[in-house]
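Encoded as structure tokens, the structure appears first; notes follow it.
Just so you know, all these numbers are worked out from the coordinates, no wet-lab data involved. Since we're looking at a predicted model, the values are computed, not measured. Here the Cβ is made from the backbone with ideal geometry for all residues, glycine too, and neighbour counts use every protein chain on show.
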Amino acid sequence: MIEQGSGSLIAIGSIVGKRPLAGRSTYAAAKLGVIGLVRTLAVELGPHGVRVKTICPGAVSGPRLDGVFRAQARAQGVSEEEFRAEFSKMRHCAAWSPNQRSAMPVPSSPHPRRFHYR
């Protein structure tokens, strides 16, 4: 990709890497590691025309999520119904398209190797 001057790398993270849940420290640490790796690769590869992104899916309905809801309700000392009601109020997803460049590294100073995220 560096040789051709373009390309895209996409990693799968998790919303838990950005918004941790009680009792999920190892999972959150792993997903935050993915996010950090992708951000670093974006800075390193961006100047070569390679885009690097992380997709952080939120909750996906099913038996696994039901178990997470039960555990979180217990950890917070509320009923599962109360936890589900609060969870449903959260908005933590955004639309993404392959042409979106909002997380591309862009020059932040006259020095071409210094980047920031906008």
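Other residues with beta-carbon under 15 Å from the beta-carbon of Gly67 carry, at +1 per Lys or Arg and -1 per Asp or Glu, a net charge of +3. Per-residue extension of 0.36 nm, minus the Cα-Cα distance of Arg84 and Arg19, leaves a gain of 21.8 nm for this segment. Of Thr40, Thr54, the sequence from fewest to most neighbouring Cβ atoms within 10 angstrom is Thr40, Thr54.
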